[in-house]
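The values are calculated or read from the model by the stated rules, or taken from the named source; none is laboratory data. Here the structure is a predicted model, which is why all the values come from computation and not from measurement. Glycine gets a Cβ as well: all are built from the backbone with ideal geometry, and neighbour counts include every protein chain shown.
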Amino acid sequence: MTRICNHFIVLFVFVFFIFVGLQMKDFFNHEYVRANQVEKKRHHSKYYLEYLFDLSQRKDKVVIAVIGSSVTKGSGASILENNWPTQLLYALHREGIRNIKLINLGFSRFKAQDLLAKGVITELSKQQPDLIIFETSVINNYRQATTMEHTIKYIDILLNKITKELPDAKLIVISPNPILSMKKNKIGFYYQDYLEQSEKYVREKGYDYLNIYEGMNEYIDNENGSLTEYLADEIHPNDRGYKLWSELLMDYMKNGKISENIW
């Protein structure tokens, strides 16, 4: 009886170590494959401009969609074609990318919540853009005194829906421009609070982010200029402001590499 028990124990231990060995083999194989995938994505990461140029050589149309508020629509420009999306389009043309379809989904007084209600995700799904530029629209969260919780909540929902519905599209998130108001809104937040909290969330989630607010302010300061020279009113850029916006974005697209969602 004792001999049988000993044989059973030996057999059990033998089978156990085989099982553990197979599990460890699978684990290390998985880690090896994942490490290779990460390294491959890092190795093949491209600048945005390079990505768009390569696409233009392979596709009849490169589709770029911009979504946001009135400062994406182009309110304040002398003519609509002077808004930043169209100025960016012209800059891409000058770089040899001429076969671009630009879709502007900018709406006056809209926040991320309103963009969702408007059905922009459905429209994006129809258009299947190669690149989406999302202006966070937090000017209107500030002006309409939206709580910070709701501001971040709907930015989160919007970005999650974009990445779920359009997993192959590249995505750049950008802030809106500087404005003249420096005072707190009705619930005690400054405009800068909305900018800082939305940027913090977007960067923590790993999205590519460009701070247009800081870029414009820095440029104006370096030129010893005044913000009023770049605004049509207290909020909306004028032609000069939109041109600067497009130049900052174009510089980012030339020098900013596309982040890959490797995890």
- Considering every residue within the stretch 43-60, establish whether at least one is modelled with pLDDT under 50 and not acidic (D, E). yes
- Note on the structure: Of (1) surrounded by fewer than 20 Cβ atoms within 10 Å (Cβ to Cβ); (2) under 23 Å from Y48 (Cα atoms); (3) among the hydroxyl-bearing types (S, T, Y), Y190 fails just (2)
- Residues (more than 17 Å from S246 (Cα to Cα), of a type in the set (A, V, I, L, M) and in contact (Cβ under 8 Å) with a residue 40 or more places away in the chain) located in the stretch 78-120: A112, L115, L116, V120
- Query: Listed residues E165, E135, E218, E199; which is touching a residue at least 40 places away in the same chain (Cβ under 8 Å), closer than 24 Å to D251 by Cβ and charged (D, E, K, R)?
  - Reply: E135
- Task: From the list D233, D221, pick out the single residue that is over 30 Å from T163 (Cβ atoms) and not in a helix (DSSP H, G or I).
- Result: D233
- Task: Scan the stretch 167-187 residue by residue and report those that are farther than 12 Å from N141 by Cα and surrounded by fewer than 10 Cβ atoms within 10 Å (Cβ to Cβ).
- Result: P167, D168, M182, K183
- Message: Test of understanding: among Y242, Y252, which residue is outside any loop (DSSP other than H, G, I, E, B), under 25 Å from A91 (Cβ atoms) and in contact with a Gly (Cβ under 8 Å, 6 or more places away or on another chain)?
- Response: Y242
- Query: Given the conditions (1) of a type in the set (A, V, I, L, M); (2) within 24 Å of N83 (Cβ to Cβ); (3) surrounded by fewer than 19 Cβ atoms within 10 Å (Cβ to Cβ), which single one is not true for I155?
  - Reply: (3)
- Restricting attention to the stretch 201-218, which residues are part of a loop (DSSP other than H, G, I, E, B) and not small (G, A, S)? K205, Y207, N211
- Of the residues in the stretch 168-193, how many are free of Cβ contacts under 8 Å to residues at least 40 places away in the same chain and in a loop (DSSP other than H, G, I, E, B)? 5
- Which of the following residues is in contact with a Leu (Cβ under 9 Å, 6 or more places away or on another chain), within 15 Å of I67 (Cα to Cα) and exposed (fewer than 14 other Cβ atoms within 10 Å of the Cβ): Q128, Q113? Q128
- Query: Is the stretch 80-99 home to any residue that is of a type in the set (G, A, S) and buried (at least 21 other Cβ atoms within 10 Å of the Cβ)?
  - Reply: no
- Message: Given the condition of a type in the set (A, V, I, L, M), more than 20 Å from K200 (Cβ to Cβ) and outside any strand (DSSP E or B), answer yes or no: does some residue in the stretch 126-134 qualify?
- Response: no
- Item | helices (runs of 4 or more DSSP H) wholly inside the stretch 47-100 containing at least 2 residues that are of a type in the set (D, E, K, R) and on the phi < 0 side of the Ramachandran plot | 48-58
